[in-house]
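Right, one structure below, let's go through it.
Bear in mind that the values in this text are calculations on the coordinates, not laboratory data. All of these numbers come straight from a predicted model, not from anything done at the bench. Cβ placement follows ideal geometry from the backbone for every residue including glycine, while neighbour counts extend to all protein chains displayed.
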Amino acid sequence: MGTTYDQATVEKICCRLRGLVQDAFQKHLYTTAIFYADKLASLSHFEPEDLYTLAECYFKNHEYRRVLHLLRQHGNIVGSDERLKLLAAQSLLACKDWEECLRYLEDHGCDEDSVADSKMASAFALLRGRVYEVTENQKEALVWYERAIQLDAYCHEALDRLVGTHVLPLEQEMALLRSLALAQSQAPRGGRVASAHVLGEAGGGAETAVVAAAPAGFAAGAPAGSASAPSLDIAASWWGRGRRRRLRQAFDGELPGTDESSASLLPAPLVRNGDTLAARSTKFFYEGDYESCYQVSKRVLEVDPYHLAALPVHIGSLVMLEKKSVVFYVAHQLVNAHPATAVAWFTVGCYYYMVKKYQSARRFFNKALALDHNFAPAWIAYGHAFALQKESDQALAAYRTASRLFPGSHLPWLFIGMEYVRTNSLQLAQQCLDYSRTLMPTDPHIYNEIGVVAFHRKDYRKAIEFLQQALSLCGAPHEAACTNLGHAFLKEKVYDCALGAFQQAHGLNPQSSAALSGIAFALQLLDRPDDAIEYYHRSLSINRDDQFAAEMLNYAVQEAAEQPCSMEL
């Protein structure tokens, strides 16, 4: 039976137990907290507050099934307490009972109509979005993430899923940021603009790193749509800006990535905050300024080596800069520190990709995707690892999955188009690249691919037009685009322009055998066989297997021998 205590004594014991639970909870001694919380709940006859305390202790100790069992035993209390409903739904989510979690949220009226607190309603909406996302119902996930933002503009997790992972087109992302109902009275002057500005810099999220594994960079597919380009003023403020900034910084003696003018609306301490720097490194990556991206993301990781948000673009910049040894070191560090994260195994896959062990790379990319099915860089890199071994069907399957999971990104459609060009499916390539251009009308890679498709269709004038647009959008010359332009000029028999384009490509990459053989061929067509012979030899010294250069060298030698030679006495 036990001893009967008066109510005052029981209340005093409960008060003491609450203090012990709180103390253990703050010290993260959850097993101790559970012991005292269990006694507290029994003594207080499971009052809602004490029931919630016990359930929260179970939850913090990762005993999710125990949370659910406890709340089912006291369903009459749970039905009237929104916090307990939320804890039950979060436990179902942690147990990966997706259908049960969704059914619970629907059956218990966890929406803005039945929940008085808008922030609590936002949390329920966020949970629904997460459930729909893991079950690959992208459309419903977006609806509920947007509803979470509408209910609570400060719900960062929902906002990050919407603007940080390319699930929305650029116009919708910007409209969403402008519509945020941030309280002006709760922020310093300009706080709203500054917040949107920082978020805008982070626009690429994890997917920015997908370009890191691009199989051919600048060269392959495109649509034959209208040749009208977007405003080049817009492009001048975006792509190629990083190269111009780096040249200015080198002239002024500054380190790459030290330009902080873009964050001038933020308070000084926040300019150096890890999230702000990670956003800026993402912006540099999008501008093609991989050196600045690397320098800034490196600063973030030096201060906080476990800042996972900065890692995808950091790894991407390392791949683009061909720093194999650094990628190897970072991969080992990540696997030891975060073996359960997708980015760790993605980094391992990137190392094998860089050393051209594509089968091993695919294995690790696949492992990354098993841990996080929505990790965009791994999907794109997975497709590249197939494409480089000419396994077109598997590459296209990976790219299509990426396009379905990240409908706001133009990159999967760009790479699908490139793969169709490689297999000579020009009509399909044109359709895919047309759609890619609608998503990102200022990416010069797309216009380069359009030019390549036009070249394959023997429409050399249009090819020249698109390739020149690609170079204009770059803001700085790009070797592959210059080489492609040179070939298009050759087909149009504009040999002087072709020579200039090849020489520009050679200046950008002196070790390019394609640029050297292009210069040689243009010189040969300009009736300068002696100069052509020199460049053919230089091209063959870099690539001995260049059959075109070897064959044309023989013709150039014959032409030089047939030319009359003037002898001065």
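Which ³J(HN,Hα) values, rounded to whole Hz and listed in residue order, are derived for the range 502-514 from phi using the Karplus coefficients 6.51, -1.76 and 1.60 in 6.51 cos²θ - 1.76 cosθ + 1.60 with θ = phi - 60°, glycine and proline given as x?
Listing the rounded values in order: 5, 5, 5, 4, 5, x, 6, 9, x, 9, 7, 5, 5 Hz.
Starting from the Cα of LYS356, move 7 Å in the Cα-to-Cβ direction to define the label point; list residues of the range 473-505 whose amide nitrogen is under 16 Å from there.
none
Summing Lys, Arg as +1 and Asp, Glu as -1, what charge do residues with Cβ under 13 Å from the Cβ of ASP304 carry, ASP304 excluded?
+1
Near LYS357, which aspartates and glutamates are there with a Cα under 19 Å away, not counting those fewer than 8 places off in the same chain?
List returned: GLU322, GLU391.
Under a cut-off of 17 Å between alpha-carbon atoms, report the lysines in cross-link reach of LYS283, not counting same-chain residues fewer than 8 places apart.
Partners within reach: LYS298.
With just the Cα atoms defining each centre, how far is the range 477-528 from the range 279-332? Give it in Å.
With the range 477-528 and the range 279-332 each reduced to a Cα centre, they are spaced 34 Å.
I need the calculated FRET efficiency for the pair LYS367 and ALA94, taking r as the beta carbon distance and R₀ as 22 Å, to the nearest 0.05.
On the way: r = 22 Å, r/R0 = 1.00.
So the FRET efficiency works out to roughly 0.50.
For LYS493 and LYS390, what does the FRET efficiency come to when R0 = 35 Å and r is the distance between their Cβ atoms, rounded to the nearest 0.05?
The pair LYS493/LYS390 has a calculated efficiency of 0.55.
Quick one: length gained pulling GLN73 to ASP107 fully straight, 0.36 nm per residue minus the C-alpha distance? Walk me through the numbers before you get to the answer.
Values: separation 34, 0.36 × 34 = 12.24 nm, distance 1.76 nm.
The span from GLN73 to ASP107 would gain 10.5 nm if fully extended.
Which entries in LYS12/LYS85; LYS324/LYS390; LYS139/LYS324; LYS139/LYS390 show an alpha-carbon gap greater than 31 Å?
On the way: LYS12/LYS85 29 Å; LYS324/LYS390 24 Å; LYS139/LYS324 39 Å; LYS139/LYS390 33 Å.
The answer is LYS139/LYS324; LYS139/LYS390.
Tell me the label-point distance for the pair TYR306, ARG272, using the 7 Å Cα-to-Cβ offset, in nm and rounded to one decimal.
2.3 nm
Arrange the peptides 132-140, 358-366 so that the one whose residues have, on average, the most other Cβ atoms within 10 Å appears first.
358-366, 132-140
When the chain is fully extended, how far beyond the present Cα-Cα distance does ASP117 get from SER42, taking 0.36 nm per residue of separation?
24.1 nm
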